[in-house]
Amino acid sequence: MEHPLMFDPDDPFLHRLREIALALPGAAEKVSHGRPAFFTTKVFAYYGGSIKAAGAHEQHDRSLVVHPDPAEVLALAEEERCYRPAYLGPSGWIGVDLDGDTDWAEVRELVEASYRETAAARLVAELDAR
């Protein structure tokens, strides 16, 4: 059974995230479990996530889910705008809610850090050569 789409393809936040993620060497986009996922051979970012609360999933539709350096995860986990996403949180992923006050330079840094954790060494070297 295919997951239903859990995002608005015209969402301006998704559009900005696409610009950031797809500018990275070898990056592509696919829909995984109903959400946009950005990947090379491994996923490095998702748009949208959820947490399991009181036996139900609480959706964070307008959020970025990344797998940055573990120290960064610990620092972000202390912030109110961040959450440990269902299923992915135990593996070192963190969700960051996006809103009108989002610092897009920080989003770029988080996406790039997650990319560096998951992309092949040759792609990271290509990024460093830019």
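The values are calculated or read from the model by the stated rules, or taken from the named source; none is laboratory data. Just so we're clear, the structure is a prediction, and the values are computed from it rather than from any experiment. Glycine gets a Cβ as well: all are built from the backbone with ideal geometry, and neighbour counts include every protein chain shown. For accessibility, only protein heavy atoms count, side chains too; no ligands or nucleic acids. Shrake-Rupley method; radii C 1.70, N 1.55, O 1.52, S 1.80 Å.
The single condition among (1) farther than 20 Å from P12 by Cβ; (2) open to solvent by 20 Å² or more (accessible area, probe 1.4 Å) that P85 does not satisfy is (2). Screening V43, V65, V31 for residues that are β-branched (V, I, T) and buried (at least 22 other Cβ atoms within 10 Å of the Cβ) leaves exactly one candidate, V65. Among strands (runs of 3 or more DSSP E) entirely within segment 1-113, having at least 2 residues that are among the aliphatic types (A, V, I, L, M) and out of contact with any helix residue (DSSP H, G or I) (no Cβ under 6 Å at 6 or more places or on another chain) singles out 28-32, 43-53, 56-66. Residue count for segment 42-60 under the criterion of being of a type in the set (A, V, I, L, M, F, W, C) and within 28 Å of L123 (Cβ to Cβ): the result is 3. Against the definition (hydrophobic (A, V, I, L, M, F, W, C), open to solvent by less than 20 Å² (accessible area, probe 1.4 Å), touching a strand residue (DSSP E or B) at 6+ places or on another chain (Cβ under 9 Å) and under 25 Å from E126 (Cα atoms)), how does A21 come out, yes or no? Yes, satisfied.
Looking at segment 66-78, is at least one residue among the charged types (D, E, K, R) and under 23 Å from M6 (Cβ atoms)? Lay out the reasoning, then the answer.
Pass one, segment 66-78, residues among the charged types (D, E, K, R): 69, 72, 78.
Of the ones still in play, those that are also under 23 Å from M6 (Cβ atoms) are none.
Within segment 66-78, not a single residue is among the charged types (D, E, K, R) and under 23 Å from M6 (Cβ atoms).
Consider segment 97-122 and keep the residues that are closer than 24 Å to A28 by Cβ and in contact with a Phe, Trp or Tyr (Cβ under 8 Å, 6 or more places away or on another chain). The one that is most open to solvent (accessible area, probe 1.4 Å) is E117.
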